[in-house]
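What follows is one structure encoded as structure tokens, with my remarks underneath.
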Amino acid sequence: MAIKKLVVLGSINADHILNLQRFPRPGETVVGNHYQVAFGGKGANQAVAAGRSGADIAFIACVGEDDIGARIRRQLQADHIDIVPVEPSPGASTGVALIFVNGQGENIIGIDPGANAAVTPAYLARFEPWVINASALLMQLESPLETVIAAARLARDHQTRVILNPAPARQLPDELLALVDIITPNETEAEQLTGVAVDNDAAAARAALILHDKGIATVIITLGSRGVWLSERGNGKLVPGFKVRAVDTIAAGDTFNGALMTALLEDRDMDSAIRFAHAAAALAVTRAGAQPSIPWRDEIDAFLQG
């Protein structure tokens, strides 16, 4: 049986994280500690989760013409990702997030998209064969929206399944939603798209029906530690997650999405695929950070057997 291919289109960031007891006021300098640079971006996190969990995956993205961009490309390759469509953007810097975390665990973040803005429809056009020859296309919303729409249309025209993780939360045109086969919002994102506050199962079911009416066959609303609300063509149910002691939830949703794609491309049924993705996300929240927390396939299999 031919291995089914996944292509992810999305963002790459270098996260610069500094812990402070309190946030500085304008004009004030505060001494921090535990400075770290971590590789992130929702697209890269999801690509890494798919690569480590066993998918045959390529990634369409841009880094800057800088040292950290070169380091990120090497790391992605080590995570079993085809990086031919991950190119340095001339004159651009790699996308960056500057993150201050205070003593209460709250954070404030400033982002410069940098090279992520170079993932234009013209850039996508150079890598059309990757989308056309894939079984599935996974996207988020940290790339230019016009490119996300163009990629979804290309995929639909060539029978490539379209999966959208609509994050960060924003309004989306019905033109895009009509091209999506599977959508995976969290509660906040589901409310942004439907106007329904998803605070219980009945509300999740209502939100899912609105998304079905926009042309999306499968709706998976992630509910944090409760699991997910799965609705397939209007038939909905809660699929519980695993109970673990969380260290932090950074990249848990991204890990879920990447691992879900691996399982679906292995032709697992939806319940089994979600259980696999839940296991990957459960492992991720027991570890600190974004990509450092994302598990490998042998760890997921061991967790499920345990």
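The values are calculated or read from the model by the stated rules, or taken from the named source; none is laboratory data. Predicted model, so just to flag it, every value in this text is computed and none were measured. Ideal geometry is used to build each Cβ from the backbone, glycine not excepted, and the neighbour counts take in all protein chains shown.
Residues are listed down the side, and each one gets a yes or a no for (1) over 17 Å from Lys42 (Cβ atoms); (2) in contact (Cβ under 8 Å) with a residue 12 or more places away in the chain; (3) buried (at least 22 other Cβ atoms within 10 Å of the Cβ):
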position	(1), (2), (3)
Val131	yes, yes, yes
Leu138	no, yes, yes
Ser143	no, yes, yes
Val162	no, yes, yes
Glu191	yes, yes, no
For this session: Report those helices (runs of 4 or more DSSP H) wholly inside the range 50-138 carrying at least 2 residues which are in contact with a Phe, Trp or Tyr (Cβ under 7 Å, 6 or more places away or on another chain).
Result: 67-78
Exercise. If we scan the range 86-108, do we find a residue that is surrounded by 14 or more Cβ atoms within 10 Å (Cβ to Cβ), under 26 Å from Arg297 (Cα atoms) and modelled with pLDDT of 95 or more?
Worked result: yes
Exercise. How many residues does the range 185-203 contain that are acidic (Asp, Glu), more than 17 Å from the chain's Cα centre (by Cα) and part of a helix (DSSP H, G or I)?
Worked result: 2
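In this structure, is Ala217 buried (at least 17 other Cβ atoms within 10 Å of the Cβ), modelled with pLDDT of 95 or more and over 22 Å from Val244 (Cβ atoms)? Break it down stepwise before answering.
Details: buried (at least 17 other Cβ atoms within 10 Å of the Cβ): no; modelled with pLDDT of 95 or more: yes; over 22 Å from Val244 (Cβ atoms): yes.
Answer is no for this residue.
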Problem set entry | Number of the exception - Gly289 against (1) assigned to a helix (DSSP H, G or I); (2) under 29 Å from Phe100 (Cβ atoms); (3) in contact with a strand residue (DSSP E or B) (Cβ under 8 Å, 6 or more places away or on another chain) | (1)
Exercise. What are the residues in the range 16-49 that are assigned to a strand (DSSP E or B) and surrounded by fewer than 24 Cβ atoms within 10 Å (Cβ to Cβ), if any?
Worked result: His16, Ile17, Leu18, Asn19, Asn33, His34, Tyr35, Gln36, Val37, Ala38, Phe39
For this session: Could you please find all residues in the range 241-296 being more than 16 Å from Gly41 (Cβ to Cβ) and touching a Pro at 6+ places or on another chain (Cβ under 7 Å)?
Result: Ala280, Leu283
Seminar exercise, completed: All conditions in (1) more than 24 Å from Ile3 (Cα to Cα); (2) touching a strand residue (DSSP E or B) at 6+ places or on another chain (Cβ under 7 Å); (3) not hydrophobic (A, V, I, L, M, F, W, C) are true of Asp67 except (2)
Seminar exercise, completed: Of the residues in the range 168-183 that are in contact with a helix residue (DSSP H, G or I) (Cβ under 6 Å, 6 or more places away or on another chain) and part of a loop (DSSP other than H, G, I, E, B), the one that is nearest to Val239 (Cα to Cα) is Ala169
